[in-house]
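The values are calculated or read from the model by the stated rules, or taken from the named source; none is laboratory data. The shown structure was predicted, so the numbers you read here are calculated from the model rather than taken from an experiment. Heads up, the Cβs are rebuilt from the backbone with ideal geometry, glycines too, and the neighbour counts pull from every protein chain shown. Side chains included, ligands, DNA and RNA excluded: accessible areas come from the protein's heavy atoms. Shrake-Rupley method; radii C 1.70, N 1.55, O 1.52, S 1.80 Å.
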Amino acid sequence: DRTERTTIEEYLIRSEQMVEKAQAVRNIAHEMNNHLQTMSVSAELMPLYLKSERVTEAAAGCERILRGIDDMRRYTESLMEDAKFETKLVECRIKDVIEEHLFTIRPNRIFKPVQFTTDFEPGLPPVRLDAGHIKSVLYNLYKNSVEAGSGRPCEIQIRVHYHTDENM
């Protein structure tokens, strides 16, 4: 069946994209850990320096910590700058955007305890939106919900209804 083949191909493409994102996250985490390790060692030595009145070493340790914090801030700022993308408004169906997004995130281990339910008003009109931005917002909402529940099984309900200006 052609539809099934297309669905499988889309799933494989999304799986590859998730693997690429996971590798990028590992690289970022590695870089951040390098900075944290240097700051951690300096912080651990601080009480020893202060207790033995080794002010010069304590000051140098503080400087290493501040440099590490500054390096991390610059690194994260550059990541955020690189991650910015222009808003691209296109006409689409919000139901399709949400269903596609749920399809791609359900395999993620943090969403294993989640039962997603959807309720879309019939006949929703197409809307102009940036699907990437909407998916990002939804992902953060879902993730925050799971974290707030400490990973316990839960249900996340997604309801979409349309209101015209005269009904508001």
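Specify which of the listed residues (Ile65, Ile69, Ile8) is touching a helix residue (DSSP H, G or I) at 6+ places or on another chain (Cβ under 6 Å) and among the β-branched types (Val, Ile, Thr).
Answer to the selection: Ile65.
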Q) Since Ile158 meets every condition but one in (1) open to solvent by less than 60 Å² (accessible area, probe 1.4 Å); (2) among the aliphatic types (A, V, I, L, M); (3) at pLDDT 90 or above; (4) part of a helix (DSSP H, G or I), which condition does it not meet? A) (4)
Q) Somewhere in segment 65-83, is a residue of a type in the set (Asp, Glu) and in contact with a His (Cβ under 9 Å, 6 or more places away or on another chain)? A) yes
**Q.** Test: residue in segment 6-21 that is open to solvent by 90 Å² or more (accessible area, probe 1.4 Å), touching a residue at least 40 places away in the same chain (Cβ under 8 Å), of a type in the set (D, E, K, R) and within 28 Å of Arg128 (Cβ to Cβ)
**A.** no
Q. Do we have Leu102 as of a type in the set (A, V, I, L, M, F, W, C), in a helix (DSSP H, G or I) and either more than 17 Å from the chain's Cα centre (by Cα) or under 28 Å from Gln37 (Cα atoms) (or both) here?
A. no
Q: Among the residues of segment 78-117, write down those that are among the polar types (S, T, N, Q), within 14 Å of Lys135 (Cα to Cα) and either surrounded by 11 or more Cβ atoms within 10 Å (Cβ to Cβ) or touching a Pro at 6+ places or on another chain (Cβ under 9 Å) (or both).
A: Thr104
Q) So which of His30, His35 ends up being surrounded by 14 or more Cβ atoms within 10 Å (Cβ to Cβ) and not hydrophobic (A, V, I, L, M, F, W, C)? A) His35
Q. In segment 106-141, which residues are closer than 20 Å to Gln157 by Cβ, assigned to a strand (DSSP E or B) and of a type in the set (D, E, K, R)?
A. Asp119
Q. Which of the residues belonging to segment 118-135 are under 16 Å from the mean Cα position of the chain (by Cα) and open to solvent by less than 60 Å² (accessible area, probe 1.4 Å)?
A. Ala131, Gly132, Ile134, Lys135
Q) Would it be correct to say that Tyr75 is open to solvent by 40 Å² or more (accessible area, probe 1.4 Å) and in a helix (DSSP H, G or I)? A) yes
Q: Go through segment 40-63 and give me each residue that's outside any helix (DSSP H, G or I) and surrounded by 14 or more Cβ atoms within 10 Å (Cβ to Cβ).
A: Arg54
